[in-house]
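Just so it is clear, none of the values below were taken in a lab; they were calculated from the coordinates. What you see is a predicted model, and the numbers here were worked out from it, not measured in a lab. For neighbour counting, all protein chains shown are included, and Cβ atoms are generated from backbone atoms with ideal geometry for every residue, glycine included.
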Amino acid sequence: MFYLAIFLIVYGIAVYLITAFKPKKIWNMGKIQGFVKIMGSAGTQVFFYVFGGASLGIGIWLLIKYWPAA
């Protein structure tokens, strides 16, 4: 569970950075453009910020809960 926590934290940070900077190569992918078509640009950004925040929150919670004792 400790490694899952680290993965979720790194994943959440990556989602935040991708949403904030919107790199053209990633932002123009079909799946993301599908989200933009359905929810609009602002809705897609809010969705990714919420998803990244949830990933960070769960990752931090797991990290605190399963921190290996020395």
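Residue-level check: of (1) under 13 Å from the mean Cα position of the chain (by Cα); (2) over 22 Å from Leu63 (Cβ atoms), Trp27 misses just (1). Those helices (runs of 4 or more DSSP H) of the chain in which 3 or more residues are surrounded by 11 or more Cβ atoms within 10 Å (Cβ to Cβ) occupy 2-21, 30-65.
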